[in-house]
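The values are calculated or read from the model by the stated rules, or taken from the named source; none is laboratory data. Bear in mind the structure is a predicted one, so any value in this text is a computation, not a measurement. Neighbour counts run over all protein chains shown; Cβ positions are idealised from the backbone, glycine included. What goes into the accessible areas is simple: the full protein's heavy atoms, side chains included, and nothing from ligands, DNA or RNA. Shrake-Rupley method; radii C 1.70, N 1.55, O 1.52, S 1.80 Å.
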Amino acid sequence: MRRHEWLIEKVLFISAAMAILVIALITVFVVAEGMPLFQNYSLWKFLSGLEWDPNGYVFGIFPMIIGSFYVTLGALILGVPVAVACAVFLAEYAPAWMTRILRPAIELLAGIPSVIFGFWGLVVVVDLIRDHAPGRGLSIVAASIVLAVMILPTVINISEDAIRAVPRSFKEGSLALGATHWQTIRSVILPAARSGILAAIVLGMGRAIGETMAVIMVAGNSPKLALSIWEPVRTLTANVALEMGYAAGDHYRALFATGIVLFIIIMLLNSLIGILPKKAGDER
Amino acid sequence: MRKKVFVGLLVILAVMFVGVFAAGCGGGAKSDNVLTIAGSTSVQPLSEELAKAFMEKNPGISINVQGGGSSQGIKAASQGIADIGAASRHLEESEKGMGLTVTQIALDGIALIVHPDNPVNNLTLEQVEGIFTGKITTWDEVGTGSGPITVVTREAGSGTRGAFEEMVLGEGGKITDNAIVQASNGGVSKTVAEDELAIGYVSFGYITDDVKAVNINGVEPTPENVKSGNYALVRPFNYLTKGEPQGLVKKYIDFVLSPEGQEIVAKDYVPVN
């Protein structure tokens with residue numbers, strides 16, 4: 001029996017080590033493929049350049065960094081209020097039978113492949129924007145709307161958990177003092193669940209920045225700095241995915257370097273979660 | 001109970017290792033009955049048609065047609081990842097030293113497509129150049145129709161884009177940064193079909209009923225006009241092999257160049273023989 005325990009422990013340890021090894025390998029690979037670019041091309045020009053023209057040996061990804069930022073911010077502005085409202089409803093108002101319908105529906109939303117979202121965006125959202133707004137539909141707004149829907153499940157689920165984790169006594173105390181249900185939610189429950197909701201938003205942000213397929217289909221992918229939300233935009237992920245199949249030489253390295261930038265942004269985001277206070281009340 | 005869990009874990013691990021091992025071996029192994037063609041997405045629909053006909057004639061042989069783009073096809077052929085690389089452009093200087101044999105299998109025209117409701121029927125090559133470099137930005141300037149032009153192009157590195165830039169823009173010309181970028185012929189076609197003010201360029205094989213192909217310098221984009229040399233935007237479809245084609249590869253390429261194969265080519269493209 002003892003020996004089995006020991007073996008199982010080792011097997012589990014190897015499995016855990018594998019996960020870390022894979023991350024390490026990916027990091028090493030991406031960096032090794034991308035870094036050589038900077039022997040031929042200045043890092044500053046790469047990060048701040050406004051023009052992307054691989055054939056003319058110009059690799060500036062600033063418009064795409066901004067592009068990723070635009071669509072992510074747009075997705076958060078559109079998606080987070082809806083998601084948090086939905087989480088409040090699920091945790092505080094929804095009767096049990098309604099939760100039983102809403103939950104699986106939200107989980108289903110999380111399970112839809114991104115290409116399907118992209119297709120929906122292309123056929124419905126882009127068409128609507130083209131008919132009712134300036135520009136040609138393929139735009140920052142289209143990408144933001146599609147991404148807003150895609151981050152809903154992440155933000156709803158984690159926010160709802162955070163709201164449910166608020167100690168019952170907080171709510172009871174507030175109600176006992178004569179506050180209405182809504183006043184309690186607004187002034188007691190939401191502030192107490194704040195860090196969990198922030199974590200949900202950060203995770204949603206990570207999902208939005210990393211999304212590729214759906215964005216390629218609706219964003220228009222022009223590699224220039226967008227000056228209006230109705231203009232097409234290219235994100236970092238789209239840049240890599242669009243051109244990887246064709247790239248060679250320094251163009252190929254520039255795409256991996258784009259991947260490094262994306263990698264760093266995502267890592268910064270993830271470490272943001274670590275900084276956030278873990279539980280309600282921790283900050284005091 | 002514990003024993004069961006333990007045995008289960010071992011079995012799962014064993015299966016994983018065997019799976020990885022088998023996959024690793026299978027990927028590298030070459031069968032005599034399987035042929036892989038990879039490369040240009042423009043050549044892809046033609047390769048698929050040809051492969052289908054070849055497989056019908058030769059039961060037991062399986063041909064695997066993949067996309068990836070011209071550059072990828074050239075790389076795949078030179079590294080032996082694919083038996084045949086497909087390219088919809090000429091080899092670049094840097095690619096000529098790779099020891100590849102080029103077999104031209106067809107000629108393809110590049111068509112300028114617009115929305116069916118767009119009144120434009122003819123464009124001069126100069127107008128096309130103006131539109132794609134961003135000098136002409138509205139349909140009013142073209143003389144037919146009105147409103148801003150949505151320029152739709154392909155991503156950098158695409159064979160179709162390379163051929164288009166070479167033939168239309170000439171030296172130093174650059175497609176406007178305002179252009180919408182789509183990753184495939186199908187994507188361009190779809191975007192143009194949805195947008196009444198859009199213009200894009202696609203391989204002849206991708207002209208559908210949802211879009212309208214315009215005449216260039218008064219010449220209709222048809223295989224006949226490509227053959228006669230009247231149509232301006234023509235490029236080769238090439239198959240690339242490492243060294244001289246041999247065995248099954250040779251058999252397949254011979255079939256493609258045979259009257260039977262070229263008849264299939266002639267449906268949408270221009271035969272070479």
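Mind checking whether some residue in the range B:48-56 is buried (at least 24 other Cβ atoms within 10 Å of the Cβ), away from every other protein chain (no Cβ under 14 Å) and of a type outside the set (Lys, Arg)?
yes
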Just name the residue that is most open to solvent (accessible area, probe 1.4 Å) out of those in the range A:41-59 that are part of a helix (DSSP H, G or I) and either within 14 Å of chain B (Cβ to nearest Cβ) or modelled with pLDDT under 90 (or both).
A:55
Look at residue A:175 and say whether it is modelled with pLDDT under 95 and surrounded by fewer than 18 Cβ atoms within 10 Å (Cβ to Cβ).
yes
In the range B:116-140, what residues are in a loop (DSSP other than H, G, I, E, B) and in contact with a helix residue (DSSP H, G or I) (Cβ under 6 Å, 6 or more places away or on another chain)?
B:136
How many of the residues in the range B:57-113 are under 30 Å from residue B:219 (Cα atoms) and charged (D, E, K, R)?
3
Under 8 Å between Cβ atoms, at least 6 apart or on separate chains: pull out the pairs that start in the range A:175-197 with a residue that is assigned by TED's automatic domain parsing to the domain that holds residue A:154 and more than 13 Å from residue A:159 (Cα to Cα) and end on any residue that is of a type in the set (A, V, I, L, M, F, W, C) and exposed (fewer than 15 other Cβ atoms within 10 Å of the Cβ).
A:181/A:175; A:184/A:175
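Of all residues in the range A:214-224, count the ones that are under 24 Å from residue A:112 (Cβ atoms) and either open to solvent by 30 Å² or more (accessible area, probe 1.4 Å) or not in a helix (DSSP H, G or I) (or both).
3
Does the range A:197-214 include one or more residues that are within 14 Å of another protein chain (Cβ to nearest Cβ) and touching a Lys or Arg at 6+ places or on another chain (Cβ under 6 Å)?
No, that holds for no residue.
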Please pick out the residue among A:92, A:107, A:160 that is charged (D, E, K, R), assigned by TED's automatic domain parsing to the domain that holds residue A:217 and crowded, with 19+ Cβ neighbours inside 10 Å.
A:160
The lone exception for residue A:196 - which of (1) over 17 Å from the mean Cα position of the chain (by Cα); (2) not in a loop (DSSP other than H, G, I, E, B); (3) not basic (Lys, Arg) it fails:
(1)
Selection from the range B:224-263 of residues within 18 Å of residue B:88 (Cα to Cα), in a helix (DSSP H, G or I) and open to solvent by 30 Å² or more (accessible area, probe 1.4 Å) yields B:227, B:257
Exactly one of these conditions fails for residue A:137: (1) open to solvent by less than 20 Å² (accessible area, probe 1.4 Å); (2) under 28 Å from residue A:113 (Cβ atoms); (3) outside any loop (DSSP other than H, G, I, E, B). Give me its number.
(3)
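When you go through A:8, A:66 one by one, which is the residue that is assigned by TED's automatic domain parsing to the domain that holds residue A:257, open to solvent by less than 50 Å² (accessible area, probe 1.4 Å) and assigned to a helix (DSSP H, G or I)?
It is A:66.
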Failed item in (1) within 14 Å of chain B (Cβ to nearest Cβ); (2) open to solvent by less than 20 Å² (accessible area, probe 1.4 Å); (3) over 24 Å from the mean Cα position of the chain (by Cα), with residue A:253 passing the rest:
(2)
I need the full set of residues from the range A:225-241 which are surrounded by fewer than 20 Cβ atoms within 10 Å (Cβ to Cβ) and either of a type in the set (Ser, Thr, Tyr) or within 10 Å of chain B (Cβ to nearest Cβ) (or both), in order please.
A:225, A:228, A:241
Suppose we keep only residues that are within 18 Å of residue B:245 (Cβ to Cβ), touching a residue at least 40 places away in the same chain (Cβ under 8 Å) and open to solvent by 20 Å² or more (accessible area, probe 1.4 Å) within the range B:64-90. Which one would you say is nearest to the other protein chains (Cβ to nearest Cβ)?
B:78
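Kindly check whether there is at least one residue in the range B:179-196 that is in a helix (DSSP H, G or I), closer than 19 Å to residue A:53 by Cα, polar (S, T, N, Q) and more than 10 Å from every other protein chain (Cβ to nearest Cβ).
No - not one qualifying residue is present in the range B:179-196.
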When you look at residue A:124, is it within 14 Å of chain B (Cβ to nearest Cβ), part of a helix (DSSP H, G or I), surrounded by fewer than 24 Cβ atoms within 10 Å (Cβ to Cβ) and at pLDDT below 95, yes or no?
yes
Condition met for residue B:102 (more than 14 Å from chain A (Cβ to nearest Cβ), over 23 Å from the mean Cα position of the chain (by Cα) and among the β-branched types (Val, Ile, Thr)):
no
